[in-house]
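**Student:** Take this structure, written in structure tokens, and hold onto it; I'll ask about it next.
The values are calculated or read from the model by the stated rules, or taken from the named source; none is laboratory data. Everything numeric in this text was worked out from a predicted model, so none of it was measured. Neighbour counts run over all protein chains shown; Cβ positions are idealised from the backbone, glycine included. All accessible areas refer to the heavy atoms of the entire protein, side chains included, with ligands and DNA or RNA removed. Shrake-Rupley method; radii C 1.70, N 1.55, O 1.52, S 1.80 Å.
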Amino acid sequence: MAKPDNKGTYNYQDWLTWEGAWELINGKAFNMSPAPTSLHQFIVGELHFSLRNFFQNRKCFVFVAPFDVYFSENEQYDLPDQVVQPDLSVVCSKDQISKSGCHGAPSLIIEVLSPSTALKDFNEKFNLYQKYGVNEYWIVDPGNQTVHVYTLEDGSYQNRHLYTGAGNNSIGYISRTGNPDGFAVQVQVEETPKMNNQCIRDETG
């Protein structure tokens, strides 16, 4: 097993030989360590629970990291061009799901920011998800208690909405994935999360 450096250019065959958890974006290696904080994992867990409840009867599947998403210029997923592990992926086409992960763009990807991933999530991953047609991309920022929601229009993320906790230590955001009327989720983002103070609201009634 090998470990890449941050100056090399790599491909999928190289990625298969690496020790540990890595993402491959535009030929560059991104280490998935160190482990996320407890707050990060709490938010991911709450979102996973809420999204699964919402999508369970809507023919969409919710996956939480570690779960590989493969992107390919020519849709040859035995030799993909990019490999990423989003915090949460919603896949609304069962044909995209394989034993190893997801082939092609999920309908919705969510990244919860950590200090070590913020630049990558706002830059490399933003551009990657836009290029390969991820319909909706959420960036959850616990530090600023905000959620950036981007939706794809004419091949680019032209539509951006910013949701904020407005001083109440919670963040809410709306998705159209799986339902044109959308739904809203609210999650506490206090430094010491209160496990009994979470809620999900389905805006469709």
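**Student:** Quick check on LEU51: is it at pLDDT 95 or above and within 23 Å of LYS99 (Cβ to Cβ)?
**Tutor:** no
**Student:** Right, here's the next one. Please verify whether the stretch 25-41 includes one or more residues that are among the aliphatic types (A, V, I, L, M), over 22 Å from CYS92 (Cα atoms) and part of a strand (DSSP E or B).
**Tutor:** There is at least one residue in the stretch 25-41 that is among the aliphatic types (A, V, I, L, M), over 22 Å from CYS92 (Cα atoms) and part of a strand (DSSP E or B).
**Student:** For the stretch 11-20, give me the residue count where each residue is under 22 Å from the mean Cα position of the chain (by Cα), surrounded by 14 or more Cβ atoms within 10 Å (Cβ to Cβ) and within 20 Å of THR117 (Cβ to Cβ).
**Tutor:** 1
**Student:** Moving on to the next point. Could you grab me the full set of residues in the stretch 27-46 that are open to solvent by less than 50 Å² (accessible area, probe 1.4 Å), out of contact with any helix residue (DSSP H, G or I) (no Cβ under 8 Å at 6 or more places or on another chain) and under 22 Å from VAL83 (Cβ atoms)?
**Tutor:** Residues satisfying the conditions are GLY27, HIS40, VAL44.
**Student:** Please pick out the residue among ILE139, ILE200 that is modelled with pLDDT of 50 or more and among the hydrophobic types (A, V, I, L, M, F, W, C).
**Tutor:** Values: ILE200 fails: modelled with pLDDT of 50 or more.
One residue alone meets the criteria, ILE139.
**Student:** Okay, next question. Return yes when GLY8 is in a loop (DSSP other than H, G, I, E, B), farther than 23 Å from THR151 by Cβ and open to solvent by less than 50 Å² (accessible area, probe 1.4 Å) and no when it is not. Reasoning before the result, please.
**Tutor:** Working: in a loop (DSSP other than H, G, I, E, B): yes; farther than 23 Å from THR151 by Cβ: yes; open to solvent by less than 50 Å² (accessible area, probe 1.4 Å): yes.
Against the criterion (in a loop (DSSP other than H, G, I, E, B), farther than 23 Å from THR151 by Cβ and open to solvent by less than 50 Å² (accessible area, probe 1.4 Å)), GLY8 qualifies.
**Student:** Could you tell me which residue of the stretch 63-81 is surrounded by the fewest Cβ atoms within 10 Å (Cβ to Cβ), considering only residues that are in contact (Cβ under 8 Å) with a residue 40 or more places away in the chain and of a type outside the set (Phe, Trp, Tyr)?
**Tutor:** Top of the filtered list is PRO66.
**Student:** I need every pair where a residue in the stretch 38-62 that is more than 12 Å from ILE110 (Cα to Cα) and of a type in the set (S, T, N, Q) has its Cβ under 7 Å from the Cβ of a residue that is open to solvent by 40 Å² or more (accessible area, probe 1.4 Å) and assigned to a strand (DSSP E or B), sequence separation at least 6 or different chains.
**Tutor:** Hits for this filter: SER50/ILE200; ASN53/ILE200.
**Student:** Of everything in the stretch 94-142, what is of a type in the set (S, T, N, Q) and in contact with a helix residue (DSSP H, G or I) (Cβ under 9 Å, 6 or more places away or on another chain)? Give them in sequence order.
**Tutor:** SER114, THR117
**Student:** Any idea which residue in the stretch 82-103 is surrounded by the most Cβ atoms within 10 Å (Cβ to Cβ), counting only those that are of a type in the set (A, V, I, L, M) and either farther than 25 Å from PHE49 by Cβ or under 9 Å from the mean Cα position of the chain (by Cα) (or both)?
**Tutor:** This residue is VAL90.
**Student:** Determine whether VAL44 is within 14 Å of the chain's Cα centre (by Cα), under 22 Å from HIS148 (Cβ atoms), part of a helix (DSSP H, G or I) and not aromatic (Phe, Trp, Tyr).
**Tutor:** Taking the combined requirement at face value, the residue satisfies it.
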